[in-house]
Amino acid sequence: MAKIVRSSAVTANVLMPGVRMRCPACRANGNFEPILQYDAATQTGEILGLRRCPNPTCSALVFFVRDRAGALQSFPAERIDFDTKDIPQGVHDAFEEAITCHAEQCFVAAAIIVTDFRPSR
């Protein structure tokens, strides 16, 4: 689920070191590069920022929130990786939708998609 950050004061004078994650677009792991000179810090300790995928063929933009405990949440959400080689298109499409549901923490929807999938003949 999306994290709602509330703060009456935000400062833009902090820069997080690289944000390591899997790209939600190309699924490459990497150290995401800063886009702006500074990230924003809230009075409650969250750090908010914008990063770019290090894969030059992707360069997807990702907004992130890191809480005081160090937990990272990204928008779009990071997805689990899976090998799509030799998978029929119908199975691939259903599984891709289930992974998107899982990434957005819609676990029941993800389970229903995987459980109810019946390939067409």
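The values are calculated or read from the model by the stated rules, or taken from the named source; none is laboratory data. Keep in mind the model is a prediction, meaning the values are calculated, not measured. Counting neighbours? That spans all protein chains shown, and the Cβs are built from the backbone with ideal geometry, glycine included.
General observations
- Top-ranked residue of the range 81-99 - restricted to ones that are under 18 Å from residue 111 (Cβ atoms) and of a type in the set (Val, Ile, Thr), ranked as modelled with the lowest pLDDT: 99
- Considering residues of the range 77-105 that are touching a Ser or Thr at 6+ places or on another chain (Cβ under 9 Å) and touching a residue at least 12 places away in the same chain (Cβ under 8 Å) only, the residue surrounded by the fewest Cβ atoms within 10 Å (Cβ to Cβ): 90
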